[in-house]
Amino acid sequence: MIARSMRGLVAMAAVLFVTGAGAQEVKHYRFAYDQPRNTGYSIAGDLFADKLKELSKGTMIIDQYPGAQLGQEPQVLQLVKAGDVEFSIISSANTATISPQAGVMSLHYLFRDENHVVKGLADPRVFEALKAMIDETTQGLHVIATGSQGVRHMYSKKEIHNVGDIKGLKIRVQATATEDMMFPAYGAQTVHMPFGSVYTSLQTGVMDVAENSINVYLVNKHYEVAPVLNITEHEANNALVFISDKLWQSLSAEQKGWVQAAANEISTKEPAKAFDLERTAAEKLKKMGVKVVDNVDKKSFTVIADPYLDKLAKELGPHAEKIKNLIRSVN
């Protein structure tokens, strides 16, 4: 009799537990990016997902969609704006397709070195200025974090030792006003194309040079068709993390707090981890036989690029000029 009563109590407790657990609905959200796993973007996705799950006690779950599963960056931006994708991490250069002043983050040699990139992206003043820029120049989405994939370098079938070596070459660049002005200033020809077409275009000779971070070059196997990595460090490979306005407006004040706190994990931790990936990738590439030209005469580039910093930022607009000044003031 007692045994039967105990079994009944256990069963009742189990029902109550299940009912209580179901009281808080678990929701899943899409986080999209165009790079594979084992990149700065996936680090950002993991940091965000883990922290949001922890803060929400498992009620807000991030499902990651890497490798352009939901589209290339310009397409994903439109999906976020429409509310069809909840979160994404997008290069600041591609962000310029919806907010041209975001091109300020692509200014060549805006950042002095790795430490300046890490500090600049974590600076609250820079973040607030970027957030204001997006909120005031476009609709449908909001910036919640900054991220990085290191700095960009040029890779090709030939060695590049100074700015003269790229004269007349066709270089695939991101479609921003910054890129379209800077590379021709170096004497090169710019080519626009989706990131997914870069491998074939290098292979077939449609273009001579591409540029990106070291780990992106590695994981996308671009070294197979462009076996010379030239350490030009011409541009910080910045990114912005977005939330759709549709989702943001549906969240409670508490949930918004969780989302922003989780996003802060990216701004403060991801850039340094991205640079660690860069160093690891460089060592792997050297062991694989990739030619790494690390004695590039950067001064031959900066003497051309520096006068454009103020000019381009001013032409892009007041938000761009403010962001440029804030970044340059970070010590």
(message) Taking the condition of being within 27 Å of Gln75 (Cα to Cα), out of contact with any helix residue (DSSP H, G or I) (no Cβ under 6 Å at 6 or more places or on another chain) and surrounded by 23 or more Cβ atoms within 10 Å (Cβ to Cβ), how many residues in segment 142-171 meet it?
(response) 4
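Of Leu52, Leu110, which residue is buried (at least 16 other Cβ atoms within 10 Å of the Cβ) and not in a helix (DSSP H, G or I)? Walk me through how you get there before you give the answer.
Details: Leu52 fails: not in a helix (DSSP H, G or I).
Answer to the check: Leu110.
Quick check, is Gln72 without any contact (Cβ under 8 Å) to a residue 24 or more places away in the chain and within 30 Å of Met182 (Cα to Cα)? Let's see the steps before the verdict.
Details: without any contact (Cβ under 8 Å) to a residue 24 or more places away in the chain: no; within 30 Å of Met182 (Cα to Cα): yes.
No.
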(request) Please give the number of the condition Tyr41 fails out of (1) of a type outside the set (Val, Ile, Thr); (2) in a helix (DSSP H, G or I); (3) farther than 15 Å from Asn238 by Cα. (result) (3)
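Take the conditions open to solvent by 60 Å² or more (accessible area, probe 1.4 Å), more than 24 Å from Asp63 (Cβ to Cβ) and part of a strand (DSSP E or B) and apply them to Glu321. Does it pass? First the steps, then the outcome.
Values: open to solvent by 60 Å² or more (accessible area, probe 1.4 Å): yes; more than 24 Å from Asp63 (Cβ to Cβ): yes; part of a strand (DSSP E or B): no.
Spelling it out, it is not the case that Glu321 is open to solvent by 60 Å² or more (accessible area, probe 1.4 Å), more than 24 Å from Asp63 (Cβ to Cβ) and part of a strand (DSSP E or B).
The values are calculated or read from the model by the stated rules, or taken from the named source; none is laboratory data. This one's a predicted model, so the numbers in the text were calculated from it and none came from an experiment. Methodologically, a virtual Cβ is constructed for each residue, glycine included, from the backbone with ideal geometry; neighbour enumeration extends over all protein chains shown. These accessible areas exclude ligands, DNA and RNA; they are computed on the full protein's heavy atoms, side chains included. Shrake-Rupley method; radii C 1.70, N 1.55, O 1.52, S 1.80 Å.
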